[in-house]
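The block underneath contains the structure these notes are about, expressed in C-alpha coordinates.
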Amino acid sequence: MTEKYDFDKEINRRNTGSLKWDVPDGELPMWVADMDFETAPAVRQALERRVAHGVFGYSVLPDAWYQAYQRWWESRHGLHIEKDWLIFCTGVIPALSTAVRKFTTPGEKILIQTPVYNIFFNSIINNGRFVVESPLAYDGHRYSIDWRDLEEKLSDPQVSMMILCNPHNPVGNIWDQDVLERIGELCCKYHVIVFSDEIHCDLTAPGKEYVPFAKVSETCRQISVTAIAPTKAFNIAGLQTAAVMVPDELLRHRMWRALNTDEVAEPNAFAVDVTVAAFEEGAGWLDALREYIQENKKIVKEYIQQEIPQIGIGSLDVTYLLWLDCSALTDNAERLSAYLRKKAGLYLSEGNIFGGNGAQFLRLNTATGRKNILEGLKRLKQGVESWCMED
(Lines give C-alpha, C1' and ligand atoms only; values in the text may rest on other atoms or scores of the structure.)
Protein backbone atom coordinates (compact mmCIF):
# COMPACT_ATOMS: atom_id res chain seq x y z
CA MET A 1 0.00 0.00 0.00
CA THR A 2 2.92 2.35 0.65
CA GLU A 3 4.57 2.02 -2.77
CA LYS A 4 2.55 4.93 -4.13
CA TYR A 5 4.22 7.28 -1.64
CA ASP A 6 7.92 7.41 -0.79
CA PHE A 7 8.11 7.63 2.98
CA ASP A 8 11.76 6.58 2.82
CA LYS A 9 12.71 9.72 0.90
CA GLU A 10 15.48 11.50 2.80
CA ILE A 11 14.75 15.17 3.43
CA ASN A 12 17.41 17.34 5.04
CA ARG A 13 15.58 19.34 7.69
CA ARG A 14 18.68 20.77 9.36
CA ASN A 15 19.13 24.54 9.25
CA THR A 16 15.54 25.07 8.14
CA GLY A 17 14.24 26.61 11.36
CA SER A 18 13.00 23.20 12.48
CA LEU A 19 12.34 22.85 16.20
CA LYS A 20 13.02 19.14 15.86
CA TRP A 21 16.13 19.15 13.67
CA ASP A 22 18.05 22.31 14.50
CA VAL A 23 20.22 20.40 16.95
CA PRO A 24 23.99 19.85 17.08
CA ASP A 25 25.57 17.95 14.20
CA GLY A 26 25.63 14.22 14.78
CA GLU A 27 22.51 14.13 16.92
CA LEU A 28 19.48 12.15 15.82
CA PRO A 29 16.29 13.83 17.09
CA MET A 30 13.39 11.46 17.74
CA TRP A 31 11.56 13.53 20.30
CA VAL A 32 9.00 16.24 19.46
CA ALA A 33 5.79 15.13 17.72
CA ASP A 34 6.27 16.12 14.13
CA MET A 35 6.99 13.85 11.18
CA ASP A 36 9.94 13.78 8.78
CA PHE A 37 7.72 13.04 5.78
CA GLU A 38 6.51 15.41 3.11
CA THR A 39 2.82 16.09 3.56
CA ALA A 40 0.24 14.62 1.21
CA PRO A 41 0.64 15.55 -2.48
CA ALA A 42 -2.83 17.11 -2.51
CA VAL A 43 -1.86 19.43 0.33
CA ARG A 44 1.37 20.49 -1.38
CA GLN A 45 -0.52 21.13 -4.62
CA ALA A 46 -3.09 23.25 -2.79
CA LEU A 47 -0.28 25.32 -1.31
CA GLU A 48 1.38 25.71 -4.69
CA ARG A 49 -1.85 26.95 -6.22
CA ARG A 50 -2.36 29.40 -3.39
CA VAL A 51 1.20 30.72 -3.63
CA ALA A 52 0.89 31.07 -7.42
CA HIS A 53 -2.08 33.38 -6.87
CA GLY A 54 0.36 35.81 -5.30
CA VAL A 55 -2.02 37.75 -3.06
CA PHE A 56 -2.26 36.81 0.62
CA GLY A 57 -4.82 39.09 2.19
CA TYR A 58 -7.44 38.44 4.82
CA SER A 59 -9.32 35.16 4.47
CA VAL A 60 -12.86 34.03 5.17
CA LEU A 61 -14.21 30.55 5.84
CA PRO A 62 -16.01 29.16 2.80
CA ASP A 63 -18.57 26.38 2.95
CA ALA A 64 -15.85 24.04 1.67
CA TRP A 65 -13.98 24.34 4.98
CA TYR A 66 -17.01 23.32 7.01
CA GLN A 67 -17.91 20.54 4.59
CA ALA A 68 -14.39 19.10 4.72
CA TYR A 69 -14.63 18.60 8.48
CA GLN A 70 -18.20 17.35 8.29
CA ARG A 71 -17.51 14.77 5.57
CA TRP A 72 -14.29 13.54 7.14
CA TRP A 73 -15.75 12.95 10.59
CA GLU A 74 -18.89 11.39 9.15
CA SER A 75 -17.04 9.01 6.82
CA ARG A 76 -13.96 8.23 8.93
CA HIS A 77 -15.36 8.37 12.45
CA GLY A 78 -19.13 8.06 12.19
CA LEU A 79 -19.80 11.42 13.81
CA HIS A 80 -22.40 13.77 12.38
CA ILE A 81 -21.35 17.41 12.82
CA GLU A 82 -23.64 20.33 12.16
CA LYS A 83 -22.03 23.27 10.38
CA ASP A 84 -22.91 25.60 13.24
CA TRP A 85 -20.94 23.44 15.70
CA LEU A 86 -17.60 24.30 14.08
CA ILE A 87 -15.43 27.30 14.92
CA PHE A 88 -12.07 27.96 13.29
CA CYS A 89 -9.03 28.46 15.50
CA THR A 90 -5.32 28.69 14.84
CA GLY A 91 -4.44 25.57 16.81
CA VAL A 92 -5.52 23.07 19.43
CA ILE A 93 -3.37 24.59 22.18
CA PRO A 94 -4.51 28.17 21.53
CA ALA A 95 -8.07 26.83 21.73
CA LEU A 96 -7.29 25.00 24.96
CA SER A 97 -5.75 28.05 26.60
CA THR A 98 -8.74 30.11 25.50
CA ALA A 99 -11.12 27.53 27.00
CA VAL A 100 -9.15 27.56 30.26
CA ARG A 101 -9.53 31.34 30.48
CA LYS A 102 -13.20 31.39 29.45
CA PHE A 103 -14.66 28.44 31.34
CA THR A 104 -12.69 28.70 34.57
CA THR A 105 -11.55 31.50 36.87
CA PRO A 106 -8.09 32.15 38.35
CA GLY A 107 -7.43 29.87 41.28
CA GLU A 108 -9.78 27.13 40.12
CA LYS A 109 -8.55 23.62 39.37
CA ILE A 110 -8.35 21.72 36.09
CA LEU A 111 -8.02 17.94 36.00
CA ILE A 112 -5.71 16.01 33.71
CA GLN A 113 -4.97 12.29 33.52
CA THR A 114 -1.23 11.79 33.76
CA PRO A 115 1.12 10.94 32.18
CA VAL A 116 -0.19 13.26 29.49
CA TYR A 117 0.91 15.78 26.88
CA ASN A 118 3.10 18.21 28.81
CA ILE A 119 1.71 21.42 27.28
CA PHE A 120 -1.55 20.80 29.15
CA PHE A 121 0.34 21.76 32.29
CA ASN A 122 1.48 25.01 30.66
CA SER A 123 -2.03 25.99 29.53
CA ILE A 124 -3.28 25.56 33.08
CA ILE A 125 -0.44 27.04 35.11
CA ASN A 126 0.34 29.95 32.79
CA ASN A 127 -3.27 31.08 33.10
CA GLY A 128 -3.26 31.11 36.88
CA ARG A 129 -5.17 27.88 37.45
CA PHE A 130 -4.11 24.81 39.43
CA VAL A 131 -3.32 21.38 37.99
CA VAL A 132 -5.09 18.41 39.52
CA GLU A 133 -3.56 15.12 38.40
CA SER A 134 -5.59 11.93 38.32
CA PRO A 135 -2.80 9.48 37.52
CA LEU A 136 -3.64 6.61 35.22
CA ALA A 137 -3.22 3.15 36.73
CA TYR A 138 -0.34 1.16 35.24
CA ASP A 139 -0.07 -2.63 35.47
CA GLY A 140 3.39 -2.89 33.97
CA HIS A 141 2.05 -3.18 30.43
CA ARG A 142 -0.97 -0.93 29.87
CA TYR A 143 -2.70 2.04 31.43
CA SER A 144 -6.27 2.29 32.63
CA ILE A 145 -8.34 4.80 34.57
CA ASP A 146 -8.33 4.79 38.35
CA TRP A 147 -12.05 5.44 38.70
CA ARG A 148 -12.03 5.95 42.43
CA ASP A 149 -9.32 8.58 42.19
CA LEU A 150 -10.96 10.24 39.20
CA GLU A 151 -14.32 10.63 40.93
CA GLU A 152 -12.71 11.85 44.13
CA LYS A 153 -10.82 14.55 42.22
CA LEU A 154 -13.83 15.55 40.07
CA SER A 155 -16.01 15.90 43.18
CA ASP A 156 -13.89 18.80 44.42
CA PRO A 157 -16.06 21.90 43.82
CA GLN A 158 -12.95 23.80 42.74
CA VAL A 159 -12.42 21.43 39.78
CA SER A 160 -14.30 23.09 36.96
CA MET A 161 -12.73 21.55 33.84
CA MET A 162 -11.22 18.28 32.72
CA ILE A 163 -8.83 18.09 29.78
CA LEU A 164 -9.29 14.75 28.07
CA CYS A 165 -6.62 13.42 25.73
CA ASN A 166 -8.53 11.22 23.27
CA PRO A 167 -6.63 9.22 22.03
CA HIS A 168 -4.09 9.55 24.80
CA ASN A 169 -0.61 10.94 24.20
CA PRO A 170 1.88 9.61 25.26
CA VAL A 171 0.62 6.27 26.59
CA GLY A 172 -1.10 5.19 23.37
CA ASN A 173 -4.57 4.38 24.71
CA ILE A 174 -7.65 4.54 22.52
CA TRP A 175 -10.44 5.13 25.02
CA ASP A 176 -13.47 2.99 24.24
CA GLN A 177 -17.12 3.99 24.36
CA ASP A 178 -17.76 2.64 27.85
CA VAL A 179 -14.80 4.51 29.32
CA LEU A 180 -15.75 7.77 27.64
CA GLU A 181 -19.39 7.41 28.66
CA ARG A 182 -18.39 6.92 32.29
CA ILE A 183 -16.11 9.97 32.15
CA GLY A 184 -18.97 12.00 30.72
CA GLU A 185 -21.37 10.86 33.42
CA LEU A 186 -18.93 11.74 36.20
CA CYS A 187 -18.15 15.14 34.75
CA CYS A 188 -21.85 15.89 34.32
CA LYS A 189 -22.54 14.78 37.89
CA TYR A 190 -19.95 17.20 39.26
CA HIS A 191 -20.59 20.04 36.77
CA VAL A 192 -17.21 19.76 35.07
CA ILE A 193 -16.73 20.88 31.47
CA VAL A 194 -14.70 18.51 29.26
CA PHE A 195 -12.19 19.84 26.77
CA SER A 196 -11.37 16.87 24.53
CA ASP A 197 -8.11 17.10 22.58
CA GLU A 198 -8.56 14.71 19.64
CA ILE A 199 -5.68 15.85 17.43
CA HIS A 200 -4.13 12.35 17.24
CA CYS A 201 -7.39 10.63 16.27
CA ASP A 202 -6.46 9.99 12.62
CA LEU A 203 -3.20 8.25 13.51
CA THR A 204 -4.65 5.01 14.83
CA ALA A 205 -3.07 1.73 13.77
CA PRO A 206 -4.60 0.14 10.65
CA GLY A 207 -7.78 -1.63 11.71
CA LYS A 208 -8.13 0.47 14.87
CA GLU A 209 -10.66 3.27 15.29
CA TYR A 210 -11.12 5.93 17.93
CA VAL A 211 -14.39 7.10 19.45
CA PRO A 212 -15.12 10.85 19.42
CA PHE A 213 -16.13 11.96 22.89
CA ALA A 214 -19.10 13.90 21.53
CA LYS A 215 -20.37 10.80 19.74
CA VAL A 216 -20.76 8.72 22.89
CA SER A 217 -23.94 10.18 24.41
CA GLU A 218 -26.10 13.24 24.66
CA THR A 219 -24.47 13.97 28.00
CA CYS A 220 -20.98 13.91 26.52
CA ARG A 221 -22.13 16.09 23.65
CA GLN A 222 -23.65 18.77 25.86
CA ILE A 223 -20.76 19.20 28.32
CA SER A 224 -17.86 19.21 25.89
CA VAL A 225 -15.65 21.26 23.62
CA THR A 226 -13.70 19.11 21.14
CA ALA A 227 -10.52 20.25 19.40
CA ILE A 228 -9.84 18.69 16.00
CA ALA A 229 -7.38 19.40 13.18
CA PRO A 230 -5.60 17.95 10.14
CA THR A 231 -2.24 19.20 11.40
CA LYS A 232 -0.89 16.16 13.25
CA ALA A 233 -2.01 13.53 10.75
CA PHE A 234 -0.88 15.48 7.68
CA ASN A 235 2.28 17.02 9.19
CA ILE A 236 1.21 20.63 8.71
CA ALA A 237 1.36 21.96 12.28
CA GLY A 238 3.33 25.00 11.17
CA LEU A 239 0.38 26.19 9.07
CA GLN A 240 -1.75 26.89 12.16
CA THR A 241 -5.17 25.55 11.30
CA ALA A 242 -7.67 23.74 13.53
CA ALA A 243 -11.27 23.78 14.70
CA VAL A 244 -13.29 23.40 17.82
CA MET A 245 -16.52 21.48 17.63
CA VAL A 246 -19.10 22.51 20.24
CA PRO A 247 -22.63 21.04 19.96
CA ASP A 248 -24.10 22.85 22.98
CA GLU A 249 -25.36 26.28 21.94
CA LEU A 250 -24.43 28.08 25.16
CA LEU A 251 -20.93 26.59 25.38
CA ARG A 252 -20.43 27.29 21.68
CA HIS A 253 -21.35 30.95 22.01
CA ARG A 254 -19.00 31.38 24.95
CA MET A 255 -16.20 29.62 23.08
CA TRP A 256 -16.79 31.67 19.93
CA ARG A 257 -16.66 34.91 21.91
CA ALA A 258 -13.51 33.80 23.71
CA LEU A 259 -11.63 32.76 20.56
CA ASN A 260 -12.48 36.06 18.93
CA THR A 261 -11.45 37.99 22.02
CA ASP A 262 -8.10 36.19 21.95
CA GLU A 263 -7.79 36.92 18.21
CA VAL A 264 -7.21 33.27 17.28
CA ALA A 265 -10.38 32.76 15.25
CA GLU A 266 -9.26 34.03 11.84
CA PRO A 267 -7.52 31.86 9.23
CA ASN A 268 -4.26 32.78 7.57
CA ALA A 269 -4.04 32.73 3.79
CA PHE A 270 -3.19 29.01 3.64
CA ALA A 271 -5.23 27.53 6.49
CA VAL A 272 -8.43 26.85 4.57
CA ASP A 273 -6.84 25.43 1.43
CA VAL A 274 -4.65 22.91 3.23
CA THR A 275 -7.52 21.72 5.42
CA VAL A 276 -9.85 21.17 2.48
CA ALA A 277 -7.13 19.40 0.46
CA ALA A 278 -6.17 17.14 3.36
CA PHE A 279 -9.66 16.02 4.26
CA GLU A 280 -11.10 15.88 0.73
CA GLU A 281 -8.14 14.35 -1.12
CA GLY A 282 -5.68 13.01 1.44
CA ALA A 283 -7.30 9.78 2.65
CA GLY A 284 -5.19 7.46 0.49
CA TRP A 285 -1.95 9.10 1.56
CA LEU A 286 -2.96 8.95 5.23
CA ASP A 287 -3.84 5.27 5.05
CA ALA A 288 -0.47 4.54 3.44
CA LEU A 289 1.24 6.60 6.12
CA ARG A 290 -0.49 4.66 8.89
CA GLU A 291 0.73 1.38 7.37
CA TYR A 292 4.29 2.69 7.17
CA ILE A 293 4.32 4.01 10.72
CA GLN A 294 2.84 0.80 12.06
CA GLU A 295 5.66 -1.16 10.44
CA ASN A 296 8.15 1.25 12.04
CA LYS A 297 6.57 0.65 15.42
CA LYS A 298 6.71 -3.11 14.97
CA ILE A 299 10.39 -2.90 14.04
CA VAL A 300 11.08 -0.86 17.17
CA LYS A 301 9.17 -3.27 19.39
CA GLU A 302 10.85 -6.39 18.00
CA TYR A 303 14.32 -4.85 18.20
CA ILE A 304 13.86 -3.67 21.77
CA GLN A 305 12.47 -7.02 22.88
CA GLN A 306 15.42 -8.85 21.35
CA GLU A 307 18.29 -6.43 21.87
CA ILE A 308 17.35 -4.15 24.81
CA PRO A 309 15.18 -6.31 27.08
CA GLN A 310 15.70 -3.87 29.97
CA ILE A 311 13.16 -1.61 28.24
CA GLY A 312 9.46 -2.35 28.02
CA ILE A 313 7.30 -0.99 25.25
CA GLY A 314 3.76 0.30 25.46
CA SER A 315 0.76 0.29 23.16
CA LEU A 316 1.14 0.40 19.38
CA ASP A 317 -2.53 1.30 18.91
CA VAL A 318 -2.31 4.99 18.13
CA THR A 319 0.06 7.89 17.33
CA TYR A 320 3.60 7.54 16.05
CA LEU A 321 4.91 8.06 19.58
CA LEU A 322 6.11 5.06 21.56
CA TRP A 323 6.15 5.06 25.35
CA LEU A 324 9.25 3.21 26.56
CA ASP A 325 9.23 1.76 30.07
CA CYS A 326 12.73 2.33 31.48
CA SER A 327 11.84 1.53 35.09
CA ALA A 328 14.40 -1.29 35.13
CA LEU A 329 17.07 1.30 34.32
CA THR A 330 16.10 4.41 36.24
CA ASP A 331 13.48 6.35 38.14
CA ASN A 332 14.74 9.58 36.56
CA ALA A 333 14.14 9.57 32.83
CA GLU A 334 15.39 13.15 32.57
CA ARG A 335 18.83 11.95 33.58
CA LEU A 336 18.67 8.95 31.23
CA SER A 337 17.51 11.11 28.33
CA ALA A 338 20.37 13.55 28.86
CA TYR A 339 22.81 10.64 29.03
CA LEU A 340 21.57 9.10 25.77
CA ARG A 341 21.79 12.45 24.05
CA LYS A 342 25.35 13.07 25.22
CA LYS A 343 26.68 9.52 24.92
CA ALA A 344 24.84 8.20 21.87
CA GLY A 345 23.58 11.35 20.15
CA LEU A 346 19.99 10.16 20.45
CA TYR A 347 17.47 12.82 21.43
CA LEU A 348 14.30 11.41 23.02
CA SER A 349 11.64 13.06 25.20
CA GLU A 350 12.10 12.46 28.91
CA GLY A 351 8.96 11.16 30.55
CA ASN A 352 9.25 13.44 33.59
CA ILE A 353 7.53 16.27 31.74
CA PHE A 354 4.34 14.24 31.27
CA GLY A 355 3.60 13.78 34.98
CA GLY A 356 2.22 10.64 36.60
CA ASN A 357 4.77 7.83 36.51
CA GLY A 358 6.48 9.41 33.50
CA ALA A 359 9.79 9.72 35.34
CA GLN A 360 10.39 6.06 34.47
CA PHE A 361 9.69 6.46 30.75
CA LEU A 362 11.07 7.87 27.52
CA ARG A 363 9.00 8.85 24.48
CA LEU A 364 10.28 7.92 21.02
CA ASN A 365 8.98 9.35 17.74
CA THR A 366 8.74 6.74 14.97
CA ALA A 367 7.49 9.12 12.25
CA THR A 368 10.70 9.11 10.27
CA GLY A 369 12.35 7.10 7.52
CA ARG A 370 13.31 3.49 8.11
CA LYS A 371 17.01 4.40 7.95
CA ASN A 372 16.61 6.73 10.92
CA ILE A 373 14.59 4.13 12.81
CA LEU A 374 17.38 1.57 12.51
CA GLU A 375 20.06 4.12 13.37
CA GLY A 376 18.07 5.31 16.37
CA LEU A 377 17.68 1.78 17.67
CA LYS A 378 21.40 1.16 17.32
CA ARG A 379 22.12 4.32 19.29
CA LEU A 380 19.57 3.39 21.92
CA LYS A 381 21.18 0.01 22.42
CA GLN A 382 24.66 1.49 22.66
CA GLY A 383 23.51 4.14 25.08
CA VAL A 384 21.69 1.70 27.34
CA GLU A 385 24.64 -0.69 27.39
CA SER A 386 26.93 2.17 28.38
CA TRP A 387 24.44 3.36 31.01
CA CYS A 388 24.29 -0.11 32.56
CA MET A 389 28.07 -0.35 32.70
CA GLU A 390 28.44 3.03 34.39
CA ASP A 391 25.40 2.99 36.66
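Quick rundown of the values:
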read-out: Dipole magnitude (debye, nearest 20) for the range 115-227, charges at Cβ of Lys, Arg, Asp, Glu; value: 180
read-out: Rounded to whole Hz, the Karplus (6.51, -1.76, 1.60) HN-Hα couplings of the range 366-374, x for glycine and proline; value: 9, 8, 8, x, 4, 4, 5, 4, 5
read-out: Residue among GLN70, VAL132, GLN158 farthest towards the positive dipole end of the range 45-186, charges placed on Cβ; value: GLN70
read-out: Considering only the range 61-217, percent of DSSP beta bridges that pair antiparallel, nearest 5; value: 20
read-out: Probe 1.4 Å, accessible area per residue of the chain, Å²; value: 42
read-out: Calculated FRET efficiency for the pair ALA283/ASN126, C-beta based, R₀ 41 Å, to 0.05; value: 0.65
read-out: Among ALA333, ILE174, LEU79 - extreme Cα towards positive end, dipole of the chain, charges at beta-carbon; value: ALA333
read-out: The range 197-289: relative contact order as a whole-number percent, Cα under 8 Å and 6+ apart; value: 25
read-out: Test item: Cα-centred dipole of the range 1-68, Lys/Arg +1 and Asp/Glu -1 on Cβ, debye; value: 320
read-out: Nitroxide proxy distance, nm - points 7 Å out along Cα→Cβ at ASP22 and CYS388; value: 3.8
read-out: Diffusion constant of the chain at 37 °C, which comes from Stokes-Einstein with the Kirkwood Cα-pair radius and 0.692 mPa s, µm²/s; value: 152
read-out: Dipole axis of the range 1-72 (+1 Lys, Arg; -1 Asp, Glu on Cβ), positive-most option in VAL43, VAL60, LEU28; value: VAL60
read-out: Contour minus Cα-Cα distance for ARG182 and LYS371 (0.36 nm per residue); value: 63.7 nm
read-out: Surface share of carbon and sulfur [accessible, 1.4 angstrom probe, percent] for the chain; value: 48
read-out: Chain lengthening between VAL55 and ASN260 when straightened (0.36 nm per residue, less Cα-Cα); value: 71.4 nm
read-out: Cut-off under 5 Å, modelled amide H: who pairs with LEU28 long-range; value: LEU346, TYR347
read-out: Check: the range 55-109 dipole with +1 on Lys, Arg Cβ and -1 on Asp, Glu Cβ, in debye; value: 200
read-out: For the range 116-217, alpha-carbon Rg and Dmax in angstrom; value: 13.6, 42
read-out: Where ILE353, ILE163 fall by accessible area, highest first, once all protein chains stay in place (1.4 Å); value: ILE353, ILE163
read-out: Rel. contact order, % - alpha carbon contacts under 8 angstrom, at least six apart, the chain; value: 24
read-out: Residues GLU209 and LYS378, FRET efficiency given R0 of 51 Å [Cβ-Cβ distance, rounded to 0.05]; value: 0.90
read-out: Length gained when the stretch GLU302-GLU334 is fully extended (0.36 nm per residue, less Cα-Cα span); value: 9.0 nm
read-out: Helix-only mean residue ellipticity at 222 nm for the chain, each DSSP H run of n ≥ 4 adding -39500 (n - 2.57), per residue, nearest 500; value: -13000 deg cm²/dmol
read-out: Counting DSSP beta bridges with both ends in the chain, the antiparallel % (nearest 5); value: 50
read-out: Point-to-point label distance, ASP8-ILE119, nm (Cα→Cβ direction, 7 Å offset); value: 3.3
read-out: ASP84 versus ARG44: modelled label distance in nm, points set 7 Å from Cα along the beta carbon direction; value: 4.2
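The values are calculated or read from the model by the stated rules, or taken from the named source; none is laboratory data. Keep in mind that what you see is a predicted model, and the values were worked out from it rather than measured. Please note: Cβ atoms are built from the backbone with ideal geometry, for glycine as well, and neighbour counts cover all protein chains shown. These accessible areas exclude ligands, DNA and RNA; they are computed on the full protein's heavy atoms, side chains included. Shrake-Rupley method; radii C 1.70, N 1.55, O 1.52, S 1.80 Å.
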